Amino acid sequence: MEDGNSSSALLITKVEACRKLMEPYYAGALSLVPPIIAVALALITKEVFSSLLLGILSGTLIYTIGIGHDDIIIGTVQNAFNMMVTKVDMNIIIFCSLLGSLVYVIAMAGGSRAYGDWASKKIKGRRSALLSTSVLGAFIFIDDYFNCLTVGTVMRPITDKYRISRAKLAYIIDSTAAPVCIIAPISSWAAAVGSSLKTSGIQGSEMEAFIASIPWNFYALLSISMVLLVAVGNFDFGLMRKAEIDTIKNGYAGQGSSTGESDSIDVVTDKGGVLDMVVPILSLIVFATLSLLYVGGYWGDDPAYHSISTAFGNTSAGPALVIASFAALLVAFVMFVGRRLLTLKEFMNGVLKGVQAMIPANMILVMAWAISGVCRDLLETQVFISNIVQNDMGVLGNLLPAIIFMIAGFLSFSTGTAWGTFGILIPIVVVVAQAIDPNGTLIIITLSATLAGSVFGDHCSPISDTTILSSAGANCVHIEHVSTQLPFALIAAFSSFIGYLVAGFTANVYLSLATGFIIMVVIMSFLHMRNLKRETYADHETKHPVAE
(Lines give C-alpha, C1' and ligand atoms only; values in the text may rest on other atoms or scores of the structure.)
Protein backbone atom coordinates (compact mmCIF):
# COMPACT_ATOMS: atom_id res chain seq x y z
CA MET A 1 0.00 0.00 0.00
CA GLU A 2 2.85 2.33 0.80
CA ASP A 3 4.48 1.50 -2.52
CA GLY A 4 1.25 2.42 -4.29
CA ASN A 5 1.05 5.72 -2.46
CA SER A 6 4.68 6.54 -3.23
CA SER A 7 4.16 5.72 -6.93
CA SER A 8 1.07 7.94 -7.05
CA ALA A 9 2.93 10.75 -5.34
CA LEU A 10 5.81 10.40 -7.80
CA LEU A 11 3.38 10.50 -10.74
CA ILE A 12 1.66 13.60 -9.38
CA THR A 13 5.05 15.25 -8.87
CA LYS A 14 6.04 14.53 -12.49
CA VAL A 15 2.73 15.85 -13.84
CA GLU A 16 3.12 19.04 -11.81
CA ALA A 17 6.70 19.43 -13.04
CA CYS A 18 5.62 19.05 -16.69
CA ARG A 19 2.77 21.49 -16.19
CA LYS A 20 5.11 24.07 -14.65
CA LEU A 21 7.64 23.45 -17.41
CA MET A 22 5.27 24.84 -20.06
CA GLU A 23 3.66 27.68 -18.10
CA PRO A 24 4.25 31.15 -19.63
CA TYR A 25 7.03 33.27 -18.23
CA TYR A 26 7.05 37.02 -18.84
CA ALA A 27 10.56 37.72 -20.12
CA GLY A 28 10.06 41.36 -21.09
CA ALA A 29 12.57 42.64 -23.64
CA LEU A 30 14.44 39.30 -23.46
CA SER A 31 11.54 37.74 -25.38
CA LEU A 32 12.93 39.47 -28.49
CA VAL A 33 16.31 37.73 -28.22
CA PRO A 34 15.38 34.43 -30.00
CA PRO A 35 14.19 35.98 -33.30
CA ILE A 36 17.04 38.50 -33.28
CA ILE A 37 19.58 35.68 -32.91
CA ALA A 38 17.89 33.55 -35.58
CA VAL A 39 17.58 36.37 -38.11
CA ALA A 40 21.09 37.76 -37.51
CA LEU A 41 22.76 34.34 -37.75
CA ALA A 42 20.78 33.43 -40.87
CA LEU A 43 21.82 36.62 -42.65
CA ILE A 44 25.47 36.31 -41.54
CA THR A 45 26.03 32.57 -42.04
CA LYS A 46 23.58 32.05 -44.94
CA GLU A 47 22.51 28.85 -43.15
CA VAL A 48 18.90 28.66 -41.98
CA PHE A 49 18.55 25.40 -40.07
CA SER A 50 21.26 25.98 -37.46
CA SER A 51 20.26 29.66 -37.11
CA LEU A 52 16.65 28.76 -36.32
CA LEU A 53 17.70 25.99 -33.96
CA LEU A 54 20.02 28.32 -32.02
CA GLY A 55 17.25 30.90 -31.87
CA ILE A 56 14.87 28.31 -30.41
CA LEU A 57 17.45 27.10 -27.88
CA SER A 58 18.25 30.66 -26.79
CA GLY A 59 14.57 31.24 -26.10
CA THR A 60 14.07 28.01 -24.16
CA LEU A 61 17.27 28.76 -22.21
CA ILE A 62 15.84 32.14 -21.13
CA TYR A 63 12.59 30.40 -20.22
CA THR A 64 14.27 27.55 -18.31
CA ILE A 65 16.35 29.97 -16.23
CA GLY A 66 13.33 32.21 -15.69
CA ILE A 67 11.11 29.49 -14.20
CA GLY A 68 13.95 28.18 -12.05
CA HIS A 69 14.23 24.70 -13.54
CA ASP A 70 16.53 22.36 -11.62
CA ASP A 71 18.48 21.19 -14.70
CA ILE A 72 19.08 24.03 -17.14
CA ILE A 73 20.46 21.89 -19.97
CA ILE A 74 17.71 19.24 -19.87
CA GLY A 75 15.00 21.88 -19.47
CA THR A 76 16.33 23.93 -22.39
CA VAL A 77 16.47 20.97 -24.78
CA GLN A 78 13.18 19.48 -23.59
CA ASN A 79 11.28 22.73 -24.07
CA ALA A 80 12.83 23.24 -27.50
CA PHE A 81 11.64 19.87 -28.77
CA ASN A 82 8.27 20.24 -27.03
CA MET A 83 7.74 23.41 -29.04
CA MET A 84 8.70 21.67 -32.29
CA VAL A 85 6.19 18.90 -31.59
CA THR A 86 3.27 20.93 -30.25
CA LYS A 87 3.41 23.86 -32.66
CA VAL A 88 3.61 21.90 -35.91
CA ASP A 89 0.59 22.27 -38.22
CA MET A 90 0.37 18.84 -39.80
CA ASN A 91 -2.27 19.98 -42.29
CA ILE A 92 0.18 22.45 -43.84
CA ILE A 93 3.00 19.88 -43.75
CA ILE A 94 0.82 17.33 -45.56
CA PHE A 95 -0.37 19.95 -48.05
CA CYS A 96 3.21 20.97 -48.88
CA SER A 97 4.25 17.33 -49.24
CA LEU A 98 1.31 16.41 -51.48
CA LEU A 99 1.85 19.49 -53.61
CA GLY A 100 5.52 18.54 -53.94
CA SER A 101 4.39 15.12 -55.14
CA LEU A 102 1.97 16.68 -57.62
CA VAL A 103 4.69 18.91 -59.07
CA TYR A 104 7.09 15.98 -59.34
CA VAL A 105 4.74 13.58 -61.14
CA ILE A 106 3.60 16.32 -63.54
CA ALA A 107 7.26 16.88 -64.48
CA MET A 108 7.89 13.14 -64.81
CA ALA A 109 4.94 12.85 -67.20
CA GLY A 110 6.36 15.64 -69.37
CA GLY A 111 3.61 18.12 -68.50
CA SER A 112 5.94 20.82 -67.16
CA ARG A 113 8.20 20.67 -70.22
CA ALA A 114 5.25 20.79 -72.63
CA TYR A 115 3.67 23.67 -70.74
CA GLY A 116 6.97 25.57 -70.71
CA ASP A 117 7.40 25.12 -74.47
CA TRP A 118 3.81 26.25 -75.12
CA ALA A 119 3.95 29.21 -72.74
CA SER A 120 7.26 30.44 -74.16
CA LYS A 121 5.52 30.81 -77.54
CA LYS A 122 2.66 32.79 -75.99
CA ILE A 123 4.72 34.82 -73.53
CA LYS A 124 7.34 36.79 -75.43
CA GLY A 125 10.19 38.00 -73.31
CA ARG A 126 11.15 38.55 -69.68
CA ARG A 127 8.75 41.43 -69.11
CA SER A 128 5.74 39.41 -70.21
CA ALA A 129 6.85 36.51 -68.01
CA LEU A 130 7.18 38.77 -64.97
CA LEU A 131 3.83 40.43 -65.61
CA SER A 132 2.13 37.06 -66.09
CA THR A 133 3.56 35.86 -62.77
CA SER A 134 2.34 39.02 -61.04
CA VAL A 135 -1.17 38.73 -62.50
CA LEU A 136 -1.46 35.07 -61.52
CA GLY A 137 -0.31 35.91 -58.00
CA ALA A 138 -2.98 38.59 -57.73
CA PHE A 139 -5.60 36.23 -59.17
CA ILE A 140 -5.07 33.52 -56.53
CA PHE A 141 -6.20 35.60 -53.56
CA ILE A 142 -8.08 33.00 -51.50
CA ASP A 143 -5.14 31.92 -49.33
CA ASP A 144 -1.47 32.87 -49.14
CA TYR A 145 -0.17 29.31 -48.62
CA PHE A 146 -2.04 28.15 -51.68
CA ASN A 147 -0.83 31.20 -53.62
CA CYS A 148 2.86 30.69 -52.79
CA LEU A 149 3.15 27.10 -53.94
CA THR A 150 0.72 27.22 -56.88
CA VAL A 151 2.17 30.33 -58.56
CA GLY A 152 5.68 28.94 -58.26
CA THR A 153 4.62 25.61 -59.75
CA VAL A 154 2.90 27.19 -62.74
CA MET A 155 5.36 29.97 -63.55
CA ARG A 156 8.74 28.40 -62.80
CA PRO A 157 9.10 26.74 -66.24
CA ILE A 158 8.41 30.09 -67.91
CA THR A 159 10.72 32.20 -65.73
CA ASP A 160 13.44 29.59 -66.17
CA LYS A 161 12.99 29.80 -69.94
CA TYR A 162 13.72 33.54 -69.89
CA ARG A 163 16.46 33.28 -67.27
CA ILE A 164 14.63 35.16 -64.56
CA SER A 165 16.31 34.49 -61.25
CA ARG A 166 14.61 32.28 -58.70
CA ALA A 167 15.16 35.11 -56.21
CA LYS A 168 12.99 37.45 -58.28
CA LEU A 169 10.36 34.75 -58.79
CA ALA A 170 10.24 34.19 -55.01
CA TYR A 171 9.96 37.96 -54.46
CA ILE A 172 7.00 38.27 -56.84
CA ILE A 173 5.30 35.24 -55.28
CA ASP A 174 5.76 36.59 -51.76
CA SER A 175 4.67 40.11 -52.71
CA THR A 176 1.45 38.91 -54.33
CA ALA A 177 0.55 36.49 -51.54
CA ALA A 178 -0.12 38.20 -48.20
CA PRO A 179 -0.33 41.77 -49.66
CA VAL A 180 -3.10 40.61 -52.02
CA CYS A 181 -4.90 38.43 -49.47
CA ILE A 182 -5.03 41.26 -46.92
CA ILE A 183 -7.02 43.47 -49.33
CA ALA A 184 -9.28 40.70 -50.70
CA PRO A 185 -12.68 40.64 -48.94
CA ILE A 186 -13.08 36.93 -49.76
CA SER A 187 -9.96 35.29 -48.38
CA SER A 188 -8.71 33.43 -45.34
CA TRP A 189 -6.98 36.65 -44.24
CA ALA A 190 -10.20 38.65 -44.33
CA ALA A 191 -11.76 35.96 -42.14
CA ALA A 192 -8.90 36.19 -39.64
CA VAL A 193 -9.19 39.99 -39.48
CA GLY A 194 -12.95 39.70 -39.02
CA SER A 195 -12.54 37.33 -36.09
CA SER A 196 -10.16 39.83 -34.42
CA LEU A 197 -12.55 42.70 -35.03
CA LYS A 198 -15.41 40.85 -33.30
CA THR A 199 -13.69 41.28 -29.93
CA SER A 200 -12.41 44.83 -30.54
CA GLY A 201 -15.62 46.73 -29.90
CA ILE A 202 -15.53 48.46 -33.28
CA GLN A 203 -18.82 49.97 -34.42
CA GLY A 204 -20.63 48.48 -37.43
CA SER A 205 -20.01 45.12 -39.09
CA GLU A 206 -16.57 43.54 -39.28
CA MET A 207 -16.76 43.24 -43.08
CA GLU A 208 -17.61 46.93 -43.47
CA ALA A 209 -14.62 47.86 -41.33
CA PHE A 210 -12.35 45.54 -43.32
CA ILE A 211 -13.48 46.97 -46.67
CA ALA A 212 -13.09 50.51 -45.34
CA SER A 213 -9.49 49.71 -44.36
CA ILE A 214 -8.44 48.59 -47.86
CA PRO A 215 -7.65 52.06 -49.36
CA TRP A 216 -5.62 52.88 -46.23
CA ASN A 217 -3.55 49.66 -46.32
CA PHE A 218 -0.55 51.45 -47.79
CA TYR A 219 1.99 48.65 -47.45
CA ALA A 220 -0.13 46.14 -49.35
CA LEU A 221 -0.96 48.60 -52.12
CA LEU A 222 2.62 49.88 -52.43
CA SER A 223 4.06 46.33 -52.42
CA ILE A 224 1.79 45.35 -55.30
CA SER A 225 2.70 48.57 -57.13
CA MET A 226 6.39 47.83 -56.56
CA VAL A 227 5.98 44.38 -58.13
CA LEU A 228 4.53 46.00 -61.26
CA LEU A 229 7.38 48.53 -61.36
CA VAL A 230 9.95 45.76 -61.06
CA ALA A 231 8.21 43.74 -63.78
CA VAL A 232 7.70 46.60 -66.24
CA GLY A 233 10.57 48.96 -65.48
CA ASN A 234 13.29 46.55 -64.35
CA PHE A 235 13.90 48.47 -61.12
CA ASP A 236 16.54 46.09 -59.81
CA PHE A 237 19.29 46.96 -57.36
CA GLY A 238 21.52 45.38 -54.77
CA LEU A 239 21.56 41.61 -54.32
CA MET A 240 18.51 41.19 -56.53
CA ARG A 241 20.30 42.77 -59.49
CA LYS A 242 23.31 40.57 -58.84
CA ALA A 243 21.09 37.48 -58.84
CA GLU A 244 19.49 38.60 -62.10
CA ILE A 245 22.82 39.23 -63.82
CA ASP A 246 24.19 35.87 -62.67
CA THR A 247 21.11 34.06 -63.97
CA ILE A 248 21.15 35.85 -67.32
CA LYS A 249 24.80 34.92 -67.80
CA ASN A 250 24.79 31.38 -66.41
CA GLY A 251 21.20 30.13 -66.40
CA TYR A 252 20.46 27.46 -63.81
CA ALA A 253 23.39 25.13 -64.41
CA GLY A 254 24.63 24.18 -60.98
CA GLN A 255 22.24 26.49 -59.14
CA GLY A 256 20.59 25.34 -55.98
CA SER A 257 17.02 24.96 -54.87
CA SER A 258 15.54 25.89 -51.52
CA THR A 259 17.72 23.22 -49.98
CA GLY A 260 20.89 24.04 -51.82
CA GLU A 261 20.61 20.95 -54.02
CA SER A 262 19.78 20.43 -57.67
CA ASP A 263 16.11 20.64 -58.60
CA SER A 264 16.38 18.50 -61.73
CA ILE A 265 13.66 15.89 -62.25
CA ASP A 266 14.05 12.87 -64.50
CA VAL A 267 11.35 13.09 -67.17
CA VAL A 268 10.05 9.57 -67.85
CA THR A 269 8.21 10.33 -71.08
CA ASP A 270 8.02 13.06 -73.69
CA LYS A 271 4.42 12.19 -74.62
CA GLY A 272 2.94 14.51 -72.02
CA GLY A 273 1.09 17.56 -73.29
CA VAL A 274 0.08 20.97 -72.01
CA LEU A 275 -3.12 19.59 -70.49
CA ASP A 276 -1.05 17.27 -68.32
CA MET A 277 0.16 20.40 -66.55
CA VAL A 278 -2.95 22.56 -66.77
CA VAL A 279 -5.66 20.07 -65.75
CA PRO A 280 -4.09 18.96 -62.43
CA ILE A 281 -3.32 22.57 -61.45
CA LEU A 282 -6.80 23.77 -62.40
CA SER A 283 -8.19 20.83 -60.45
CA LEU A 284 -6.16 21.98 -57.47
CA ILE A 285 -7.60 25.50 -57.72
CA VAL A 286 -11.20 24.27 -58.10
CA PHE A 287 -10.88 21.70 -55.31
CA ALA A 288 -9.24 24.28 -53.03
CA THR A 289 -12.12 26.71 -53.50
CA LEU A 290 -14.76 24.01 -52.96
CA SER A 291 -12.89 22.57 -49.96
CA LEU A 292 -12.60 25.96 -48.29
CA LEU A 293 -16.36 26.39 -48.66
CA TYR A 294 -17.00 22.84 -47.44
CA VAL A 295 -14.83 23.20 -44.34
CA GLY A 296 -16.46 26.57 -43.71
CA GLY A 297 -19.90 24.93 -43.52
CA TYR A 298 -21.34 26.09 -46.84
CA TRP A 299 -23.09 22.74 -47.32
CA GLY A 300 -23.46 22.03 -43.60
CA ASP A 301 -26.50 21.93 -41.34
CA ASP A 302 -26.11 25.44 -39.94
CA PRO A 303 -27.86 27.91 -42.29
CA ALA A 304 -25.77 30.75 -40.87
CA TYR A 305 -22.87 29.60 -43.09
CA HIS A 306 -24.85 29.02 -46.29
CA SER A 307 -23.41 32.07 -48.01
CA ILE A 308 -20.00 32.30 -49.65
CA SER A 309 -18.77 35.18 -47.48
CA THR A 310 -19.77 33.59 -44.17
CA ALA A 311 -18.41 30.19 -45.22
CA PHE A 312 -15.03 31.72 -46.09
CA GLY A 313 -15.13 33.55 -42.76
CA ASN A 314 -15.68 30.25 -40.93
CA THR A 315 -13.24 28.09 -42.88
CA SER A 316 -9.85 26.64 -41.96
CA ALA A 317 -7.24 26.68 -44.70
CA GLY A 318 -5.15 23.73 -43.52
CA PRO A 319 -7.70 20.90 -43.76
CA ALA A 320 -9.19 22.35 -46.95
CA LEU A 321 -5.83 22.47 -48.72
CA VAL A 322 -5.07 18.88 -47.72
CA ILE A 323 -8.33 17.75 -49.32
CA ALA A 324 -7.62 19.81 -52.44
CA SER A 325 -4.05 18.61 -52.93
CA PHE A 326 -5.03 14.96 -52.42
CA ALA A 327 -7.90 15.30 -54.92
CA ALA A 328 -5.60 16.96 -57.48
CA LEU A 329 -3.08 14.14 -57.02
CA LEU A 330 -5.87 11.63 -57.73
CA VAL A 331 -6.70 13.52 -60.93
CA ALA A 332 -3.05 13.29 -61.96
CA PHE A 333 -3.05 9.57 -61.15
CA VAL A 334 -6.05 8.93 -63.39
CA MET A 335 -4.55 11.03 -66.21
CA PHE A 336 -1.03 9.65 -66.14
CA VAL A 337 -1.46 6.02 -65.11
CA GLY A 338 -4.75 5.62 -66.95
CA ARG A 339 -3.15 6.80 -70.21
CA ARG A 340 0.05 4.85 -69.46
CA LEU A 341 2.27 7.92 -69.43
CA LEU A 342 3.57 6.52 -66.15
CA THR A 343 3.37 3.07 -64.66
CA LEU A 344 1.93 2.63 -61.17
CA LYS A 345 5.43 2.09 -59.78
CA GLU A 346 6.80 5.19 -61.53
CA PHE A 347 3.91 7.30 -60.30
CA MET A 348 4.34 6.17 -56.68
CA ASN A 349 8.11 6.68 -56.88
CA GLY A 350 7.41 10.21 -58.10
CA VAL A 351 5.05 10.79 -55.17
CA LEU A 352 7.74 9.73 -52.70
CA LYS A 353 10.45 11.80 -54.39
CA GLY A 354 8.13 14.82 -54.34
CA VAL A 355 7.62 14.41 -50.61
CA GLN A 356 11.38 14.08 -50.13
CA ALA A 357 11.96 17.28 -52.11
CA MET A 358 9.72 19.17 -49.65
CA ILE A 359 11.40 17.86 -46.48
CA PRO A 360 13.84 20.83 -46.12
CA ALA A 361 11.03 23.37 -46.53
CA ASN A 362 8.91 21.43 -44.03
CA MET A 363 11.79 21.37 -41.56
CA ILE A 364 12.19 25.13 -41.83
CA LEU A 365 8.45 25.52 -41.27
CA VAL A 366 8.54 23.35 -38.15
CA MET A 367 11.42 25.32 -36.64
CA ALA A 368 9.82 28.65 -37.62
CA TRP A 369 6.60 27.63 -35.88
CA ALA A 370 8.64 26.51 -32.87
CA ILE A 371 10.52 29.80 -32.46
CA SER A 372 7.25 31.67 -32.89
CA GLY A 373 5.72 29.48 -30.17
CA VAL A 374 8.68 30.11 -27.88
CA CYS A 375 8.18 33.87 -28.20
CA ARG A 376 4.38 33.86 -27.90
CA ASP A 377 3.60 30.98 -25.53
CA LEU A 378 6.67 30.75 -23.32
CA LEU A 379 8.21 34.24 -23.19
CA GLU A 380 5.03 36.27 -23.85
CA THR A 381 6.42 38.65 -26.46
CA GLN A 382 2.87 39.78 -27.22
CA VAL A 383 2.33 40.88 -23.61
CA PHE A 384 5.54 42.92 -23.73
CA ILE A 385 4.46 44.67 -26.94
CA SER A 386 0.89 45.11 -25.67
CA ASN A 387 2.15 46.83 -22.53
CA ILE A 388 4.17 49.26 -24.64
CA VAL A 389 1.14 50.04 -26.78
CA GLN A 390 -1.27 50.45 -23.88
CA ASN A 391 1.08 52.59 -21.79
CA ASP A 392 2.44 54.92 -24.47
CA MET A 393 -0.11 55.23 -27.28
CA GLY A 394 -2.65 57.52 -25.70
CA VAL A 395 -0.59 60.70 -25.99
CA LEU A 396 0.53 60.24 -29.59
CA GLY A 397 -2.56 61.66 -31.32
CA ASN A 398 -1.85 62.23 -35.00
CA LEU A 399 1.30 60.09 -34.88
CA LEU A 400 -0.69 57.02 -33.84
CA PRO A 401 -1.03 55.35 -37.30
CA ALA A 402 2.69 55.62 -38.09
CA ILE A 403 3.73 54.37 -34.64
CA ILE A 404 1.28 51.47 -34.77
CA PHE A 405 2.60 50.53 -38.22
CA MET A 406 6.15 50.30 -36.83
CA ILE A 407 5.12 48.33 -33.75
CA ALA A 408 3.02 45.87 -35.77
CA GLY A 409 5.86 45.41 -38.25
CA PHE A 410 8.40 44.76 -35.51
CA LEU A 411 6.17 42.27 -33.68
CA SER A 412 5.27 40.43 -36.88
CA PHE A 413 8.91 40.30 -37.97
CA SER A 414 9.98 38.98 -34.56
CA THR A 415 7.32 36.28 -34.29
CA GLY A 416 6.92 35.46 -37.99
CA THR A 417 3.13 35.71 -37.93
CA ALA A 418 0.87 38.43 -39.26
CA TRP A 419 -2.29 36.78 -37.97
CA GLY A 420 -0.96 36.59 -34.43
CA THR A 421 0.18 40.21 -34.61
CA PHE A 422 -3.08 41.79 -35.68
CA GLY A 423 -4.95 39.39 -33.39
CA ILE A 424 -3.00 40.89 -30.49
CA LEU A 425 -2.99 44.54 -31.55
CA ILE A 426 -6.42 45.13 -33.11
CA PRO A 427 -8.42 45.06 -29.83
CA ILE A 428 -5.89 47.45 -28.25
CA VAL A 429 -5.48 49.98 -31.06
CA VAL A 430 -9.22 50.22 -31.75
CA VAL A 431 -9.88 51.19 -28.13
CA VAL A 432 -7.00 53.71 -28.14
CA ALA A 433 -8.10 55.26 -31.45
CA GLN A 434 -11.72 55.49 -30.28
CA ALA A 435 -10.59 57.30 -27.13
CA ILE A 436 -8.55 59.82 -29.16
CA ASP A 437 -10.99 60.38 -32.04
CA PRO A 438 -14.41 58.78 -31.33
CA ASN A 439 -16.20 60.01 -34.46
CA GLY A 440 -13.32 60.51 -36.91
CA THR A 441 -11.46 58.34 -39.40
CA LEU A 442 -8.52 57.70 -37.08
CA ILE A 443 -10.01 54.32 -36.09
CA ILE A 444 -9.99 53.01 -39.68
CA ILE A 445 -6.56 54.52 -40.42
CA THR A 446 -5.07 52.94 -37.30
CA LEU A 447 -6.72 49.60 -38.06
CA SER A 448 -5.24 49.71 -41.56
CA ALA A 449 -1.81 50.60 -40.15
CA THR A 450 -2.04 47.55 -37.89
CA LEU A 451 -2.86 45.25 -40.80
CA ALA A 452 -0.21 46.86 -43.03
CA GLY A 453 2.50 46.59 -40.39
CA SER A 454 1.57 42.97 -39.71
CA VAL A 455 1.92 42.12 -43.40
CA PHE A 456 5.22 44.01 -43.64
CA GLY A 457 6.81 42.10 -40.78
CA ASP A 458 5.48 38.79 -42.07
CA HIS A 459 6.63 39.64 -45.59
CA CYS A 460 10.31 40.08 -44.75
CA SER A 461 10.76 37.82 -41.73
CA PRO A 462 12.97 34.76 -42.35
CA ILE A 463 10.85 32.77 -39.88
CA SER A 464 7.52 33.61 -41.55
CA ASP A 465 5.75 30.59 -43.03
CA THR A 466 4.73 32.66 -46.07
CA THR A 467 8.36 33.62 -46.70
CA ILE A 468 9.41 30.00 -46.36
CA LEU A 469 6.70 28.76 -48.71
CA SER A 470 7.57 31.45 -51.27
CA SER A 471 11.13 30.12 -51.29
CA ALA A 472 9.79 26.58 -51.68
CA GLY A 473 7.40 27.59 -54.47
CA ALA A 474 10.18 29.27 -56.44
CA ASN A 475 12.66 26.53 -55.49
CA CYS A 476 14.99 29.27 -54.31
CA VAL A 477 17.53 29.11 -51.50
CA HIS A 478 15.58 30.47 -48.55
CA ILE A 479 18.15 32.89 -47.19
CA GLU A 480 18.79 34.21 -50.71
CA HIS A 481 15.09 35.03 -51.01
CA VAL A 482 15.15 36.79 -47.64
CA SER A 483 18.25 38.86 -48.39
CA THR A 484 17.19 39.86 -51.92
CA GLN A 485 13.62 40.73 -50.92
CA LEU A 486 14.42 42.67 -47.73
CA PRO A 487 15.55 45.94 -49.41
CA PHE A 488 12.36 46.09 -51.49
CA ALA A 489 10.21 45.41 -48.44
CA LEU A 490 12.02 48.10 -46.42
CA ILE A 491 11.51 50.69 -49.16
CA ALA A 492 7.78 49.91 -49.31
CA ALA A 493 7.63 50.04 -45.51
CA PHE A 494 9.44 53.40 -45.28
CA SER A 495 7.15 54.87 -47.95
CA SER A 496 4.12 53.51 -46.07
CA PHE A 497 5.39 55.01 -42.82
CA ILE A 498 5.58 58.45 -44.44
CA GLY A 499 2.11 57.87 -45.86
CA TYR A 500 0.76 57.14 -42.38
CA LEU A 501 2.42 60.28 -41.02
CA VAL A 502 0.57 62.30 -43.66
CA ALA A 503 -2.65 60.37 -42.99
CA GLY A 504 -2.47 61.07 -39.26
CA PHE A 505 -2.46 64.81 -39.88
CA THR A 506 -4.65 65.13 -43.01
CA ALA A 507 -6.98 62.07 -42.94
CA ASN A 508 -6.82 62.26 -46.75
CA VAL A 509 -6.31 58.84 -48.31
CA TYR A 510 -5.42 60.16 -51.79
CA LEU A 511 -2.76 62.57 -50.56
CA SER A 512 -1.29 60.01 -48.14
CA LEU A 513 -1.12 57.16 -50.65
CA ALA A 514 0.24 59.44 -53.40
CA THR A 515 2.96 60.69 -51.05
CA GLY A 516 4.02 57.15 -50.22
CA PHE A 517 3.98 56.10 -53.86
CA ILE A 518 6.09 59.07 -55.02
CA ILE A 519 8.67 58.47 -52.30
CA MET A 520 8.86 54.79 -53.24
CA VAL A 521 9.38 55.54 -56.93
CA VAL A 522 12.03 58.18 -56.20
CA ILE A 523 14.02 55.86 -53.92
CA MET A 524 13.84 52.93 -56.34
CA SER A 525 14.80 55.12 -59.31
CA PHE A 526 17.77 56.54 -57.43
CA LEU A 527 19.06 53.09 -56.42
CA HIS A 528 18.51 51.73 -59.92
CA MET A 529 20.38 54.61 -61.59
CA ARG A 530 23.23 54.37 -59.08
CA ASN A 531 23.65 50.67 -59.90
CA LEU A 532 23.64 51.40 -63.61
CA LYS A 533 26.37 54.04 -63.18
CA ARG A 534 28.48 51.65 -61.11
CA GLU A 535 28.14 48.90 -63.69
CA THR A 536 28.93 51.29 -66.55
CA TYR A 537 32.03 52.50 -64.71
CA ALA A 538 33.11 48.92 -63.97
CA ASP A 539 32.69 47.94 -67.63
CA HIS A 540 34.70 50.99 -68.70
CA GLU A 541 37.51 50.14 -66.28
CA THR A 542 37.55 46.57 -67.54
CA LYS A 543 37.83 47.64 -71.18
CA HIS A 544 40.14 50.63 -70.54
CA PRO A 545 42.24 49.96 -67.43
CA VAL A 546 44.15 52.89 -66.01
CA ALA A 547 47.90 52.56 -66.75
CA GLU A 548 50.08 52.50 -63.68
Test of understanding: extend the Cα→C-beta vector of residue 43 to 7 Å, then name every residue of the range 451-466 with backbone N under 17 Å from that spot.
456-464
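Which whole-number value in Å² is the accessible area per residue of the range 344-489, probe 1.4 Å? Walk me through the intermediate numbers first.
Details: 4200 Å² over 146 residues.
Per residue, the range 344-489 has an accessible area of 29 Å².
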If the limit is 22 Å between Cα atoms, which of 46/87; 124/249; 161/271; 161/345 go over it?
46/87; 161/345
Roll a 1.4 angstrom probe over the protein heavy atoms and tell me the percent of accessible area of the range 413-478 that is carbon or sulfur.
66
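Report Rg/Rh for the range 434-503, rounded to two decimals, where Rg is the Cα radius of gyration and Rh the Kirkwood radius. Write down the numbers at each step before the final one.
Values: Rg = 15.5 Å, Rh = 13.7 Å.
Expressed as Rg/Rh, it is 1.14.
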Alpha-carbon Debye profile of the range 277-394, log10 I(q)/I(0) at 0.17 Å⁻¹
-0.99
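If the range 25-116 were replaced by its equivalent ellipsoid, with semi-axes equal to the square roots of 5 times the Cα gyration tensor eigenvalues, what would those be, largest first, whole Å?
On the way: eigenvalues 296, 53, 21 Å².
Semi-axes, largest first: 38, 16, 10 Å.
Using +1 on the beta carbon of Lys and Arg, -1 on that of Asp and Glu, and nothing else charged, what's the dipole of the range 70-186 about the Cα centre, debye to 20? Display every interim value, and only then the final one.
Numbers: 12 positive and 8 negative charges, 231 e Å.
Computed charge dipole of the range 70-186: roughly 1120 debye.
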May I ask for the distance between the Cα centers of the range 404-440 and the range 455-492, given as a whole number of Å?
22
Per residue, what accessible area does the range 83-170 have, given a 1.4 Å probe and all protein chains present, in Å²?
34
Between the range 328-365 and the range 79-152, what is the separation of their alpha carbon centroids in Å?
14
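The values are calculated or read from the model by the stated rules, or taken from the named source; none is laboratory data. Please read all numbers here as calculations on a predicted model, not as lab measurements. Ideal geometry is used to build each Cβ from the backbone, glycine not excepted, and the neighbour counts take in all protein chains shown. Calculation scope for accessible area: heavy atoms of the full protein, side chains included, ligands and nucleic acids excluded. Shrake-Rupley method; radii C 1.70, N 1.55, O 1.52, S 1.80 Å.
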